[in-house]
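Student: Next up is a structure, given as structure tokens.
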Amino acid sequence: NPNVRDHAVASIKNVLSSLPSREIQGDGVSLIRQLAVSEFYGPRVAAPTLLVGLYELLNQRTPREFDGLRRELRTSFCTLCSDDSPVVRKSAAAALSQLLPLLRLSEIEDDIFPILQKLLMKK
């Protein structure tokens, strides 16, 4: 049920925002990793919104030395954008407008544009 999933995502985002930075970098990223590669589409549908929330927390709380972690999250996001399930792709597309303001122009050019071009060329 999408409504239940939306409430669960909102609750998880609240929990993540209350965690210390070290736990966000560990447990938060681990959660996104697991959701993004789940064999079931439900967790993958929830992953883009949670990923954006986590990315925002990382930007606010952690220094740029964690750019590798941010890159991993962007890569996971791009993978979700090209998921086999249309509902997962739709969820990622909806979360894209929230992710873009958090990225530097070079990150958009290097990571986001290629996946968008691929999706636009797909028939």
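The values are calculated or read from the model by the stated rules, or taken from the named source; none is laboratory data. On a predicted model such as this, the values are computed, not experimentally measured, just so you know. FYI the Cβ positions are ideal-geometry reconstructions off the backbone, even for glycines, and counts take in every protein chain you see. Heads up: the accessible areas ignore ligands, DNA and RNA and are worked out on the full protein's heavy atoms, side chains in. Shrake-Rupley method; radii C 1.70, N 1.55, O 1.52, S 1.80 Å.
Student: Is it the case that Ile108 is of a type outside the set (D, E, K, R) and either modelled with pLDDT of 95 or more or open to solvent by less than 20 Å² (accessible area, probe 1.4 Å) (or both)? Steps first, please.
Tutor: On the way: of a type outside the set (D, E, K, R): yes; either modelled with pLDDT of 95 or more or open to solvent by less than 20 Å² (accessible area, probe 1.4 Å) (or both): no.
Criteria not met by Ile108.
Student: Restricting attention to region 43-66, which residues are open to solvent by less than 50 Å² (accessible area, probe 1.4 Å), more than 15 Å from Leu16 (Cα to Cα) and not aliphatic (A, V, I, L, M)? Spell out how you get there, then give the answer.
Tutor: Filtering region 43-66 down to residues open to solvent by less than 50 Å² (accessible area, probe 1.4 Å) leaves 43-55, 57-59, 62.
Then drop every residue that is not more than 15 Å from Leu16 (Cα to Cα), which leaves 43-45.
Across region 43-66, the qualifying residues are Pro43, Arg44.
Student: Any residue in region 85-92 that is closer than 25 Å to Arg5 by Cβ, open to solvent by 20 Å² or more (accessible area, probe 1.4 Å), among the charged types (D, E, K, R) and in contact with a Leu (Cβ under 9 Å, 6 or more places away or on another chain)?
Tutor: Yes, some residue in region 85-92 is closer than 25 Å to Arg5 by Cβ, open to solvent by 20 Å² or more (accessible area, probe 1.4 Å), among the charged types (D, E, K, R) and in contact with a Leu (Cβ under 9 Å, 6 or more places away or on another chain).
Student: Let me ask you something else. Please work out which residue is farthest from Glu72 (Cα to Cα), limiting yourself to region 31-42 and to residues that are open to solvent by less than 40 Å² (accessible area, probe 1.4 Å) and free of Cβ contacts under 8 Å to residues at least 40 places away in the same chain.
Tutor: Taking region 31-42 and keeping what is open to solvent by less than 40 Å² (accessible area, probe 1.4 Å), we get 32, 35-36, 38, 42.
Applying the additional criterion that residues be free of Cβ contacts under 8 Å to residues at least 40 places away in the same chain yields 35, 38, 42.
Values: Leu35: 14, Ser38: 17, Gly42: 21 Å.
The residue in question is Gly42.
Student: Please give the number of the condition Ser21 fails out of (1) at pLDDT 90 or above; (2) open to solvent by 30 Å² or more (accessible area, probe 1.4 Å).
Tutor: Only one criterion in (1) at pLDDT 90 or above; (2) open to solvent by 30 Å² or more (accessible area, probe 1.4 Å) is unmet by Ser21, namely (1).
Student: Do you know which residues across region 84-123 are of a type in the set (Asp, Glu) and free of Cβ contacts under 8 Å to residues at least 40 places away in the same chain?
Tutor: Initial filter on region 84-123 (of a type in the set (Asp, Glu)): 84, 107, 109-111.
Those that are of a type in the set (Asp, Glu) and free of Cβ contacts under 8 Å to residues at least 40 places away in the same chain: Asp84, Glu107, Glu109, Asp110.
Student: Name every residue in region 58-95 that is β-branched (Val, Ile, Thr) and either more than 11 Å from the chain's Cα centre (by Cα) or under 15 Å from Glu39 (Cα atoms) (or both), in order of residue number. Full working, then the answer.
Tutor: Narrowing region 58-95 to residues β-branched (Val, Ile, Thr): 62, 75, 79, 87-88.
Hits for region 58-95 are Thr62, Thr79, Val87, Val88.
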